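J.: Shown below is the structure under consideration.
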Amino acid sequence: MLELLLCSLFTIVPDYLYRRHRQGKRFGHEITLYSVWYELRYGITSCLMLTIGLIVVVFYNHPSTSHVTAYFRTVPVLPEVSGRVAEIYVGPSGEVAQDAPIFRLDASKQQAALEVAVKRLAEVDAAFDLAKADLAAAEAKVQQAKSSLQQALDELRTKQELERRDSSAVARREIERVQVTVQERQAGVAAVEAGRLSAETRISTLLPAEKATAVAAREQAQVELDKTVVRAGVSGRVEQFVLRVGDVVSPIMRPAGILIPSDAGRARLIAGFGQIEAQVMKVGMIAEVTCVSKPWTIIPMVVTATQAYIAAGQVRAGEQLIDPQQVTRPGTITVLMEPLYENGLAGVLPGSSCIANAYSNNHDELKRRDIAWGRWLYLHMVDTLALVHALILRLHTLILPLQLLVFSGGH
């Protein structure tokens with residue numbers, strides 16, 4: 001309607017002034033409801049053509065969309081293990097800090113496993129003390145065996161010396177008996193030294209490995225016990241948290257609730273523009289939005305990213321071929337917009353629906369010295385018509401609350 005009124009100032013109004021002042025025709029006399037088309041046919045036809053052209057130029061070079069939403073991420077509150085709820089630390093709705101407990105599952109099984117692991121570690125520590133005592137006993141046996149061996153060697157040397165002197169006091173059989181005794185006691189020394197080495201190996205290798213295993217088992221049991229307390233992964237707010245003591249939750253089928261991060265939906269807006277604006281939408285374009293949750297407010301924005309893919313064309317591997325006819329609705333170009341000024345989205349609730357205008361800027365091209373005169377005039381006209389689109393957005397901002405509260409029954 002605004003475009004039609006604007007174009008009529010340059011077409012219908014001059015045509016009427018010519019009819020009125022040059023031809024002397026007046027409304028209600030020569031120009032009536034039945035003859036207005038014939039009398040003002042040139043102005044009306046030119047107005048319609050100019051209006052259509054203006055709408056095309058405005059809406060193509062300065063895209064507009066009502067598919068704008070402050071999308072926000074939600075984090076499901078899920079336990080890492082299944083179990084029955086034993087205690088709840090938050091209400092149905094409230095703020096939670098990062099790593100703050102939300103609820104606790106029944107931990108009888110995990111607590112018992114932790115106690116077993118602690119007892120096992122105590123057993124290993126006791127085994128260390130016992131092994132040290134065994135090592136001391138083995139060292140004493142080694143000393144005893146070496147003393148017995150030395151005694152047998154001394155006796156053997158004495159008897160061999162007497163035999164060398166041709167003494168009749170030593171029989172050959174006696175020397176052989178002492179030699180066997182020496183060999184027996186050498187074997188005994190080797191046996192007790194092997195026992196001592198076994199005790200040392202147990203202390204230096206086996207028991208440390210067993211202790212490391214017991215410590216790991218205790219830590220694992222502690223981790224499993226910690227999993228029974230579900231904590232907030234990020235700072236945010238829990239909403240509609242209806243979990244109660246006695247409920248059974250599962251990490252697969254039974255989530256406990258929803259956690260909304262504190263910064264969710266407060267940094268940017270996501271808009272979907274028509275595919276025809278694919279060549280117009282550029283990073284850095286200035287935009288304006290008005291949101292339902294913050295009426296009568298125009299928020300300056302800037303385009304920070306454009307998605308290089310249209311979501312409607314995505315396919316997933318399956319057992320059926322894709323039929324393009326099944327895509328009943330054409331997709332849109334996803335555009336990310338951020339506030340031009342700090343805290344620009346303050347007061348806009350996450351998830352709010354908005355209306356956005358994006359404005360082309362041909363300033364750099366207009367500064368070129370080799371630009372053609374016709375193109376220079378056209379680009380000037382395009383940039384000037386952005387005012388029309390901005391005015392349309394402001395009119396829409398004014399009537400949007402009335403449209404929602406009055407004409408739609410308050411919904």
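The values are calculated or read from the model by the stated rules, or taken from the named source; none is laboratory data. This is a predicted model, so every value here is computed, not measured. When we count neighbours, we look across all protein chains shown, and the Cβ atoms used for this are built from the backbone with ideal geometry, even at glycine. Calculation scope for accessible area: heavy atoms of the full protein, side chains included, ligands and nucleic acids excluded. Shrake-Rupley method; radii C 1.70, N 1.55, O 1.52, S 1.80 Å.
J.: Over the alpha carbons of region 44-114, what is the largest minus smallest coordinate on each principal axis, giving the biggest first in Å?
T.: That gives 88, 22, 19 Å along the principal axes, largest extent first.
J.: Which value, in Å², gives the accessible area per residue of region 1-72 when a 1.4 Å probe is used on the protein heavy atoms?
T.: 66
J.: For the chain, set up a GNM with springs between Cα atoms under 10 Å and report which of Gly318, Gly233, Gly195 has the largest fluctuation.
T.: The residue with the greatest mean-square fluctuation here is Gly318.
J.: What would the Debye equation give as log₁₀ I(q)/I(0) for region 1-101 at q = 0.18 Å⁻¹, counting only Cα atoms as equal point scatterers?
T.: Log-scaled intensity ratios, in q order: -0.94.
J.: Return the long-range amide H neighbours of Gly265 (sequence gap of 5 or more, or a different chain), with a cut-off of under 5 Å between placed amide H atoms.
T.: Amide H neighbours of Gly265: Arg73.
J.: Springs between alpha-carbon atoms under 10 Å, Gaussian network over the chain: tell me which of Val283, Val315, Val58 tops the mean-square fluctuations.
T.: Val315
J.: Next question. Can you give the Rg/Rh ratio of region 266-411, where Rg is from the C-alpha atoms and Rh is the Kirkwood radius?
T.: Rg/Rh: 1.05.
J.: Continuing with the same structure: Once R0 is set to 30 Å, what does the formula 1/(1 + (r/R0)^6) return for the Cβ-Cβ distance between Ser147 and Thr201, expressed as a FRET efficiency to the nearest 0.05?
T.: Computed FRET efficiency for Ser147 and Thr201 comes out at 0.75.
J.: With viscosity set to 1.306 mPa s at 10 °C, what whole-number translational diffusion coefficient in µm²/s follows for the chain from Stokes-Einstein and a Kirkwood radius over Cα pairs?
T.: D = 50 µm²/s.
J.: Still on this model: Determine the per residue accessible area of region 295-411 with all protein chains present and a 1.4 angstrom probe, expressed in square angstrom.
T.: Here the per-residue accessible area is 71 Å².
J.: Where does the charge balance sit around Ile203 when Lys and Arg score +1, Asp and Glu -1, over other residues with C-beta under 15 Å from its C-beta?
T.: Within the 15 Å Cβ shell, the charges total -2.
J.: Given Cα pairs under 8 Å that are at least 6 residues apart, what percent is the relative contact order of the chain?
T.: Computed over the chain, the figure is 25 percent.
J.: Roughly how many Å is it from the Cα centre of region 44-94 to that of region 358-389, as a whole number?
T.: So the two Cα centres are separated by 31 Å.
J.: Please work out, to two decimal places, the log10 of the ratio I(q)/I(0) at q = 0.20 Å⁻¹ from a Debye calculation in which every Cα of region 185-275 carries one identical scatterer.
T.: With one equal scatterer per Cα and no solvent, log10 I(q)/I(0) is -1.06.
J.: A further question on this structure: Modelled label-to-label distance, Lys367 and Glu319, 7 Å Cα→beta-carbon offset: nm?
T.: 6.2
J.: Taking all protein chains together and a probe of 1.4 Å, list Phe27, Phe128, Phe273 from the most accessible to the least accessible.
T.: My answer, sorted largest first, is Phe27, Phe128, Phe273.
J.: Here's another thing I want to ask about it. What length, rounded to one decimal in nm, is gained on full extension from Ser235 through to Val81, with 0.36 nm per residue of separation minus their alpha-carbon distance?
T.: Length difference between fully extended and current span is 53.2 nm.
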